[in-house]
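The values are calculated or read from the model by the stated rules, or taken from the named source; none is laboratory data. None of these values were measured; they are calculated from a predicted model. Here the Cβ positions follow ideal geometry from the backbone for every residue, glycine too, while neighbour counts run over all protein chains shown. Protein only, heavy atoms only, side chains kept; ligands, DNA and RNA dropped before computing areas. Shrake-Rupley method; radii C 1.70, N 1.55, O 1.52, S 1.80 Å.
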Amino acid sequence: MEASPPDAGLGRHFVLPLVAATIGVTALSVGMLWIIPEPERASNPDGLPVVASTPQRARPTLTLYKELCSLCHGETGAGDGPTELERPARSFVAGGYAYGNTLSSVMRTLEFGIPGTAMPAFGETLSLQERTALASHVLGLGPKPRTVSPSAGEIVADARPTVLQGQMADPSTDTMEPRSLLIGFPDGTSVQYRTQDLAVVALYSGSGEDAFANRTDWRGQGGSPVRPLGSSAWSLEGSQEAPGAAVALYGSKEGRPYGRRLRSTRIQPTSVTLGFDLLDEAGSIVSRGTETVRVLENGSLARSVEIDADAPRVRALDAAGPEVSSTASAVAHRVHDGVLLVDPRDGAARHLIYADRWDSSMVSLQ
């Protein structure tokens, strides 16, 4: 029987120590907040996972936070970064998460950003592993979430309008819309927008003494949906041509409608002004404008939409529907059940009024 080569047994003896050493290095790397990447997976049209052919190593989480987040939110997450902003950055230490303190909600913010703010989207620049690790780190900077009673999440607009953003059920599509805007007024009226196209999907009425919305873990900045509490007064019901959407009030010289994208929100004593970009079919900005929302003396909700005066590529689109009344300075059209479109003859803001007839309280809009 031949003897084994001298180095054969030696190789076999060192297999397990080498594996153990490798595992030790991996554990140490995780402890230092390094992410040991697995092959990144995508989905093909059939929904089956596909392994990327050239996975890249994820960058250290602390490095990502320092480079991408700390300039606005501060090194400790207290919202005290050196970058000067129009509005202060959110303090993670104080629980300031825009859409809730769940991993999925923070990851959604990292992927898509926050429209109308300085928060950019990182969906194209950070891998899934990096976004997951960064979201976990950001959550770790904040307070532990608290469970509160349903009544503690009720929100009342006391002396001035209140604006909420978050997940909401879209009654026009019967789906959960991750990015919605709800404006509540002191008289109990509230209006719900989709932020992706600035379309109004529902109008609610209620009592000024009662809450207009509920979020069960609002005080803990959780990720549960915002639930409007008023009774339904109007809904889009899936019709994208309804004036409630207000996405087709303006278009190109050839009559092609332009879309809108939320840019900013500003709360005033009796109204809320939404800044928006007007977008062509390619998604390019052709103009900018504002929409001011308020409640009239007769209780009707009014939206005044206006674009920048210097917009040569934009014209007001004609409204369908029979004319229902006119005054010396404005013409009102019935463009959808329960909504009037009022066009001042001087070409200023176009007004959408949630009412079925013209009355004297609307003269103030002209």
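Quick check on this structure: which one of Val331, Val342 is among the aliphatic types (A, V, I, L, M), at pLDDT below 90 and farther than 27 Å from Ser180 by Cβ? Before the answer, list the steps.
Values: Val342 fails: farther than 27 Å from Ser180 by Cβ.
Testing whether each residue is among the aliphatic types (A, V, I, L, M), at pLDDT below 90 and farther than 27 Å from Ser180 by Cβ leaves just Val331.
Which of the residues belonging to the range 148-188 are among the β-branched types (Val, Ile, Thr), in contact (Cβ under 8 Å) with a residue 60 or more places away in the chain and in a loop (DSSP other than H, G, I, E, B)?
Of the range 148-188, the ones among the β-branched types (Val, Ile, Thr) are 148, 155-156, 162-163, 173, 175, 183.
Checking which are in contact (Cβ under 8 Å) with a residue 60 or more places away in the chain leaves us with 148, 155, 162-163, 173, 183.
Val148, Thr173, listed by residue number.
Condition check ((1) aromatic (Phe, Trp, Tyr); (2) under 27 Å from Met168 (Cβ atoms)) across all residues:
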residue	(1), (2)
Arg59	no, no
Tyr65	yes, no
His73	no, yes
Gly81	no, no
Glu86	no, yes
Ala94	no, yes
Gly100	no, yes
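Name every residue in the range 132-146 that is surrounded by 16 or more Cβ atoms within 10 Å (Cβ to Cβ) and within 24 Å of Asp80 (Cβ to Cβ), in order of residue number. Walk me through it before giving the result.
Going through the range 132-146, the residues surrounded by 16 or more Cβ atoms within 10 Å (Cβ to Cβ) turn out to be 132-135, 137-139, 141-142, 145.
The answer is Ala133, Leu134, Ala135, His137, Val138, Leu139, Leu141, Gly142, Pro145.
Do you know which residues across the range 286-309 are free of Cβ contacts under 8 Å to residues at least 40 places away in the same chain, in a loop (DSSP other than H, G, I, E, B) and among the aliphatic types (A, V, I, L, M)?
Answer for the range 286-309, where residues must be free of Cβ contacts under 8 Å to residues at least 40 places away in the same chain, in a loop (DSSP other than H, G, I, E, B) and among the aliphatic types (A, V, I, L, M): just Ala309.
Could you tell me which residue of the range 189-204 is farthest from Ser172 (Cα to Cα), considering only residues that are open to solvent by 10 Å² or more (accessible area, probe 1.4 Å) and without any contact (Cβ under 8 Å) to a residue 60 or more places away in the chain? First the steps, then the outcome.
Pass one, the range 189-204, residues open to solvent by 10 Å² or more (accessible area, probe 1.4 Å): 189, 194, 196-197, 203-204.
Now drop any that are not without any contact (Cβ under 8 Å) to a residue 60 or more places away in the chain, which leaves 194, 204.
Details: Arg194: 11, Tyr204: 14 Å.
Top of the filtered list is Tyr204.
Working only within the range 266-291, note down all residues that are buried (at least 19 other Cβ atoms within 10 Å of the Cβ) and either touching a helix residue (DSSP H, G or I) at 6+ places or on another chain (Cβ under 6 Å) or under 18 Å from Ser180 (Cα atoms) (or both).
Once the filter is applied, which keeps residues that are buried (at least 19 other Cβ atoms within 10 Å of the Cβ) and either touching a helix residue (DSSP H, G or I) at 6+ places or on another chain (Cβ under 6 Å) or under 18 Å from Ser180 (Cα atoms) (or both), the range 266-291 yields Val272, Leu274, Phe276, Asp277, Glu291.
The rows are residues; the columns are (1) over 24 Å from Glu177 (Cα atoms); (2) more than 15 Å from the chain's Cα centre (by Cα).
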site: Cys69; (1), (2): yes, yes
site: Gly77; (1), (2): yes, yes
site: Gly81; (1), (2): yes, yes
site: Glu86; (1), (2): yes, yes
site: Tyr97; (1), (2): no, no
site: Met107; (1), (2): no, no
site: Pro115; (1), (2): no, no
site: Ala118; (1), (2): no, no
site: Glu124; (1), (2): no, yes
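Considering only residues of the range 46-101 that are over 22 Å from Ala118 (Cβ atoms) and of a type in the set (D, E, K, R), which is modelled with the lowest pLDDT?
Per the criteria, the residue is Asp46.
For the range 235-255, does any single residue satisfy the condition of being at pLDDT 85 or above, over 16 Å from the mean Cα position of the chain (by Cα), closer than 29 Å to Gly95 by Cβ and in a loop (DSSP other than H, G, I, E, B)?
no
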